[in-house]
Amino acid sequence: MKPEISQALFDRAQLSIPGGVNSPVRAWRGVGGTPRFIQKGEGSHLFDVDGNEYIDYIGSWGPLLLGHRHPEILDAIQGALARGTSFGAPTELEIELAELIREFVPSMEMVRMVNSGTEATMSALRVARGFTNRDITIKFEGCYHGHVDSLLVKAGSGVATLGLPDSPGVPKGFSDTTITLPYNNVEALEQAFHAHGDKIAAVIVEPVCGNMGCIPPNAGYLEAMRRITERHEALLIFDEVMTGFRVAPGGAQSLYNIKPDLTTIGKVIGGGLPIAAYGGRKDIMTFVAPSGPIYQAGTLSGNPLAVSAGLAMLRHLQAHSEVYEQLNQATAQLAACAPESLTVNRVGSMMTWFFTDQAVTDYDSAKTSNTTQFGKFFHAMLERGIYLPPSQYEALFVSTAHTEADIARTVEAARESFEIALN
Ligand code: HOZ
């Protein structure tokens, strides 16, 4: 059905909300057309206000590893709701979640909960600077770590989709503390440390990039990063907001067997509710207030609804480690259906069909993609009931709710849509 009600809502939204949306990539500027306004989700499916049904491969941009309205998550939220929505005081549930996070991600010896991935990366950076007494951060082109001032430099996600260079409003002094390097390039990293080693507080990286499309690390890249940071006594921060509990139960750090100093997580730990966390080495995390002098706080941090949803999610994953095999197999089928003229990158249940025949290993190669063809493909898929991320520079996410029939239908739709997009 035509998105008439969505269009009317979008027109109305634009009068009161910048661009009509509360997060830029939702406005579909990368593909054009009318963003669908959603009425409800169920399992792997989304339903829009015009009565259309879609197989959803955004999953709220990653959190919904178990699909929409998973009964265990809903029960946990309802149980918590009956006891109150927020206390601004500690609860036992927070300890349980922190302990469970430590079990899944042992490098997170201590954990502080916050409300969003942006808060987590912002706080981790402050801790890295306070701990090392240095100011400079290295980030990588096309990696996105939320809208933290100093990290909005050559960023991915919506910034890449909109083709923005950097963001106005970030004081030059802030962006001057950031060195941006090409991803997957050990030599560039060596050189930066050679030139500024004693001033670099931290290297922050998406160990598997998801915000310029899915880009895995080259063999040995993360190992080299670990070696170089250690040599120069800079901290290594893995931003696992997207990859945590997604590419493996212990995140990318367990998949590639690298131990970062600090880690940020979000998305999946909330099962669809707003929660994130940062954590890492105990000797570093004890610098955080009130045990140490580095200040960070939040009224809704450790919110009981979000913590309960997170606990239900992690307990489910603990009891069902087989879900990762299921996710891998389903996503591999999607990866396999692309024509040879495209490049497909996949790590676990994160994947991107890049409309380029070049290997995509960094931001420059991601940008060789033909975004016009991607836009055609996106709309052809949408017409066939498949809801993909509306940008070439985002990864798609598969959930355990995707059935074999969903995957088969998606493969068929993709084959037809590739034909349309490429001709
Ligand atoms: N930054 C998110 C994707 N990488 C998008 C968040 C959203 O629009 O919900």
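Each value in this text was obtained by applying a stated rule to the coordinates, not by laboratory testing. Fair warning: this is a prediction, and the values are worked out from it, not measured in the lab. Glycine also receives a Cβ, built like all others from the backbone with ideal geometry; neighbour counts cover every protein chain displayed.
Pick out, from Gly142, Ile386, Gly67, the residue whose Cα sits farthest towards the positive end of the charge dipole of the chain, with +1 on the Cβ of Lys and Arg and -1 on the Cβ of Asp and Glu.
Gly142
Counting pairs of alpha carbon atoms under 8 Å apart in space and at least six apart in sequence, what relative contact order in percent does the chain give?
23
Could you list His196, His402 in order of exposure, starting from the residue whose Cβ has the fewest other Cβ atoms within 10 Å?
With the sparsest Cβ surroundings first, the list reads His196, His402.
Consider a paramagnetic label point 7 Å from the Cα of Glu190 along Cα→Cβ; state which residues of the range 203-229 have an amide N under 19 Å from it.
So the set is 203, 218-229.
Just to verify a number: FRET efficiency for Leu162 and Thr403, C-beta to C-beta distance, R0 = 30 Å, to 0.05?
For R0 = 30 Å, the calculated efficiency reads 0.30.
Taking neighbour counts of Cβ atoms within 10 Å as a proxy for exposure, in what order, fewest first, do Lys267, Lys376, Lys282 appear?
The order, fewest Cβ neighbours first, is Lys282, Lys376, Lys267.
Put +1 on the Cβ of each Lys and Arg and -1 on the Cβ of each Asp and Glu in the range 228-324; which of Gly280, Val323, Phe245 then has its Cα farthest toward the positive end of the dipole?
Towards the positive end, the residue furthest out is Val323.
Full-extension gain between Ala219 and Asn133, please, as 0.36 nm times their residue separation minus the C-alpha to C-alpha distance.
Here the answer is 27.8 nm.
Quick one: which of 147-160, 12-25, 292-305 comes out on top by average Cβ neighbours within 10 Å, and what's the full order, highest first?
147-160, 292-305, 12-25
With a length cut of 24 Å (Cα positions projected on each helix's long axis) and a Kyte-Doolittle mean of at least -1.0, go through the chain and give me the DSSP H helices that pass.
404-422
Taking the DSSP beta bridges in the range 200-268 as the whole, what percent of them are antiparallel, to the nearest 5?
Taking every DSSP beta bridge with both residues in the range 200-268, the antiparallel ones total about 10 percent.
Counting other beta carbons within 10 Å of each Cβ, put Trp28, Trp353 in order, fewest first.
Ordered by Cβ neighbours within 10 Å, fewest first: Trp28, Trp353.
Dipole size in debye (nearest 20) for the chain around its Cα centre, Lys and Arg Cβ +1, Asp and Glu Cβ -1?
Rounded to the nearest 20 debye, it is 660 debye.
For the chain, what is the calculated [θ] at 222 nm in deg cm²/dmol (nearest 500), taking -39500 (n - 2.57) for each run of four or more DSSP H residues and dividing by its residue count?
Estimated from H runs of four or more residues: -11500 deg cm²/dmol.
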